[in-house]
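The structure appears right after this line, and notes come after that.
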Amino acid sequence: MTLNPWRLRLLSQLDALGTVRAVAQAANLSASSVSQQLAVLESETRTQLIERTGRRVRLTSAGLILARRARSILDQMDAVEAELRGLNDEPSGLIRLGAFQSSIHTLAVPAIQALRHPHLDVEIVELEPHASMPALLAGEVDVIITTTDFVELPVPGDIDVVPLGQDPIVLVTPPNHPAADVAACKDEPWAFDIPGSYMAKLATRLCRQSGFEPRVVGRFSNYMLTLKHVEAGLAVAVLPALAVDRRFDVVTRELPMTRRITAAVRRDSRAAITVVLDALHTRSQSDER
């Protein structure tokens, strides 16, 4: 039996993403091409890996076992390739780091700048928490900076999670604004994150718990735009403290809520991934001090 790594990756992505269409989008292929390659994998393994129920598919027991072993197989292959490229046991190769927006310049970039490994490259991919864990499971990234406090995603057993710190949630208002909490902003216009994002859901929940429906006048996926909107006196907002750039003339007031910042990797990751993980942890510890 000869297993094709590319087809193994497609099977692993199907386990993580759930549909052939989603796998096709992630792999930049057509859905029919993905189905054909998975059929070839079934022929190579002489095992039924996928059950078809109408227009949907699901992995058989054998498919689930192979998909989850595939992640380990692919990681080991990446590790061998990195070792062959390495010099004097130096960590080497490309590591893909998924990070949510406000952690990129506060955690990811400083950690990467501190690395001193000339043959190690780190690519940063902006991924919000609801998208980063599926990307890690599918093998699209090697390390993620995420938070699970407000995202209803279970952490799989083959994922290792490393705490990086706490990030307060804050109310952001224009200068000289008298509001001390969310309830005091009942009649204010609000700037929100884009619909469906965890910060948009959190802000909506906080407003409703305070007894009102927020009047949203702006939705921005970029925190800088949100801060500019607040600075101009056009809105108030709820943001993570990490997102508040000190260059903006705004006032922040901590709310009785924090989010836990964590890093996550697939278990048994190669040495170069551990180096990046250690750099993130060191950076987070220096911030706390």
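The values are calculated or read from the model by the stated rules, or taken from the named source; none is laboratory data. It should be emphasised that the depicted structure is a prediction, and the values quoted were computed from it without experimental measurement. Don't worry about glycine lacking a Cβ; one is built from the backbone with ideal geometry, like all the others, and counts go over all protein chains shown.
Key figures
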read-out: Yes/no for Gly233 being without any contact (Cβ under 8 Å) to a residue 40 or more places away in the chain and either among the acidic types (Asp, Glu) or over 22 Å from Val109 (Cα atoms) (or both); value: no
read-out: Extreme residue, nearest to the chain's Cα centre (by Cα), among residues of region 20-61 that are crowded, with 17+ Cβ neighbours inside 10 Å and among the hydroxyl-bearing types (Ser, Thr, Tyr); value: Ser35
read-out: Residue match in region 18-33 (condition: closer than 23 Å to Val141 by Cβ, modelled with pLDDT of 85 or more and charged (D, E, K, R)); value: yes
read-out: Any hit, region 163-185, residues being closer than 22 Å to Ala271 by Cα, touching a residue at least 40 places away in the same chain (Cβ under 8 Å) and out of contact with any Cys (no Cβ under 7 Å at 6 or more places or on another chain); value: yes
read-out: Residue in region 47-66 that is within 30 Å of Thr282 (Cβ to Cβ), at pLDDT below 85 and not hydroxyl-bearing (Ser, Thr, Tyr) present; value: no
read-out: Among (1) assigned to a helix (DSSP H, G or I); (2) surrounded by 13 or more Cβ atoms within 10 Å (Cβ to Cβ), the one test that Val170 misses; value: (1)
read-out: Selection within region 111-123 - touching a helix residue (DSSP H, G or I) at 6+ places or on another chain (Cβ under 6 Å) and either acidic (Asp, Glu) or surrounded by 16 or more Cβ atoms within 10 Å (Cβ to Cβ) (or both); value: Ala111, Leu115, Leu120, Val122
read-out: Filter pass, Val161 being out of contact with any helix residue (DSSP H, G or I) (no Cβ under 9 Å at 6 or more places or on another chain), closer than 30 Å to Pro5 by Cα and not in a helix (DSSP H, G or I); value: yes
read-out: Some residue of region 149-156 being more than 12 Å from the chain's Cα centre (by Cα), under 20 Å from Ile273 (Cβ atoms) and surrounded by fewer than 17 Cβ atoms within 10 Å (Cβ to Cβ); value: yes
read-out: Condition check for Ala79: more than 16 Å from the chain's Cα centre (by Cα), at pLDDT below 75 and not basic (Lys, Arg); value: yes
